[in-house]
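The values are calculated or read from the model by the stated rules, or taken from the named source; none is laboratory data. Here the structure is a predicted model, which means the values were calculated and not measured. In this analysis, Cβ positions are derived from the backbone assuming ideal geometry, glycine residues included, and neighbour counts consider all displayed protein chains.
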Amino acid sequence: MKVGVQLYNLYRTPLNIMEKLKVISTLGYDGVELAGFNGMDYDGFSAKEIRTAIDEYGLEICGAHIMYRLFEESMSEIICFHKEAGIPWVAIPRPLVESKHDIDLLIGNINRYSGQLRQAGLNLYYHCHDFEFRDFEGTTAMQEILDATDIMIEVDVYWAAKGGADVAAFLRKHSDRILYIHLKDGNEEGSCAVGQGKLPCRSYYELAEAAGAEYVIVEDDMQKPDGITSICNSIQAIRKYE
C-alpha cells in the first residue's frame, strides 16, 4: 500500500507548490493529494508544469481536493486542468451541512457533478469530516452519500471519530466504497502527526490494507510544530507499520 500526503499539510509553509512537491518527494512519500486549486491553476503553475514536476520527483498525484463552490463556478476549468495534469480523481472536501435540507442539496449536487465529471473522463470522491456523521432528522450526510450516490469516499479517521463513528466498524462495513483513508492521529489539542496521538492508527492502516486500498494519505490540520516536521514524523511512523 502506498503512502501519500495531502498538500494541505504544508498550507502554512512559505513555499510554492513546486517546492512543496520536492519536499514531499525527498521525505519518501509515494504520492500527493493536491489542494489549493483557485479555479484556474495551483499557485500560478500550469497543468503541464505540475505534471513535469511530478514525473521529475517520482511522485504520483492520487487525487485533488477542490473547494465545493468551484464545482459550480468553474467546472470546465476543473476538468481541463486536471485532465491535462493526468489527475483522474477530484474530491469534494468540505461542503456546508447544517440541516437535512443541506444534505438534500449536497446529494443532488454530488450526483450532478459526478455525472459531469464522468462524461469528461474524471471521477468524483468525497472527503469526510465530523459533521457527516451527525444526525439530522433521522439521517446523516454520510448515510445519504452511501445510499443515494455511487461515488467513492475518503474517510478521515480523526474526523470520523470526532463525529462519533465507530471508525474500525465503518472501515470494515464500507470497504467497497472507500477509495482512500486519511491517516490522522489526534489528542486533546486536536490533530497531530501519526503515532503521536491516541488513535489506533496502526489498526486503521491494517484495515485499509486488508480492504485493498491503494493509498493511505497523511493529513494533520494543526501542523505542529510545522508542516514539514509533521509529515516527516508521520511517514516515519507509518513505515514501521509496513
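Taking G31, is it surrounded by 22 or more Cβ atoms within 10 Å (Cβ to Cβ), of a type in the set (G, A, S), touching an Asp or Glu at 6+ places or on another chain (Cβ under 9 Å) and closer than 18 Å to D220 by Cα? Judged against the criteria, G31 is not a match.
Scanning the range 14-66 for residues that are within 17 Å of K83 (Cβ to Cβ), under 19 Å from the mean Cα position of the chain (by Cα) and assigned to a loop (DSSP other than H, G, I, E, B) yields a count of 4. May I ask you to list the residues in the range 183-221 that are assigned to a loop (DSSP other than H, G, I, E, B), at pLDDT 95 or above and among the aliphatic types (A, V, I, L, M)? Answer for the range 183-221, where residues must be assigned to a loop (DSSP other than H, G, I, E, B), at pLDDT 95 or above and among the aliphatic types (A, V, I, L, M): A193, V194, L199.
Let's see how each residue does on (1) surrounded by fewer than 18 Cβ atoms within 10 Å (Cβ to Cβ); (2) out of contact with any Gly (no Cβ under 6 Å at 6 or more places or on another chain); (3) of a type in the set (K, R):
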residue	(1), (2), (3)
D176	yes, yes, no
Y180	no, yes, no
K198	yes, yes, yes
C201	no, yes, no
A211	yes, yes, no
M222	yes, no, no
P225	yes, yes, no
A237	no, no, no
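Selection of the range 88-105 for residues being small (G, A, S) and surrounded by 19 or more Cβ atoms within 10 Å (Cβ to Cβ) yields only A91.
Restrict the check to the range 223-236 and report whether at least one residue is aliphatic (A, V, I, L, M) and farther than 17 Å from E33 by Cα. Scanning the range 223-236, I find no residue that is aliphatic (A, V, I, L, M) and farther than 17 Å from E33 by Cα, so the answer is no.
Restricting attention to the range 161-177, the residues being closer than 20 Å to T139 by Cα and in a helix (DSSP H, G or I) number 8.
If you filter the range 122-137 down to residues that are closer than 20 Å to G63 by Cα and among the aromatic types (F, W, Y), you find that the one that is surrounded by the fewest Cβ atoms within 10 Å (Cβ to Cβ) is Y125. Of all positions in the range 39-54, at least one carries a residue that is buried (at least 16 other Cβ atoms within 10 Å of the Cβ) and either under 19 Å from E214 (Cβ atoms) or in contact with a Pro (Cβ under 8 Å, 6 or more places away or on another chain) (or both). Right, M67: touching a residue at least 12 places away in the same chain (Cβ under 8 Å), within 28 Å of R112 (Cα to Cα) and aliphatic (A, V, I, L, M) or not? Here the answer is yes, as M67 does meet what is asked. Looking at Y158, Y180, can you tell me which residue is part of a helix (DSSP H, G or I) and under 16 Å from the mean Cα position of the chain (by Cα)? After ruling out the rest, the residue left standing is Y158.
Could you check, for the range 106-121, whether at least one of its residues is surrounded by fewer than 16 Cβ atoms within 10 Å (Cβ to Cβ), hydrophobic (A, V, I, L, M, F, W, C), modelled with pLDDT of 95 or more and not in a loop (DSSP other than H, G, I, E, B)? Checked against the condition, which is being surrounded by fewer than 16 Cβ atoms within 10 Å (Cβ to Cβ), hydrophobic (A, V, I, L, M, F, W, C), modelled with pLDDT of 95 or more and not in a loop (DSSP other than H, G, I, E, B), the range 106-121 yields no hits at all. Condition first: assigned to a helix (DSSP H, G or I), touching a strand residue (DSSP E or B) at 6+ places or on another chain (Cβ under 8 Å) and more than 22 Å from E214 (Cβ to Cβ). Can you find one or more residues in the range 131-149 that meet it? So far as the range 131-149 goes, no, none of its residues is assigned to a helix (DSSP H, G or I), touching a strand residue (DSSP E or B) at 6+ places or on another chain (Cβ under 8 Å) and more than 22 Å from E214 (Cβ to Cβ). Going by the conditions given, is D185 more than 16 Å from the chain's Cα centre (by Cα) and either acidic (D, E) or surrounded by fewer than 21 Cβ atoms within 10 Å (Cβ to Cβ) (or both)? So D185 does not fit the description; no.
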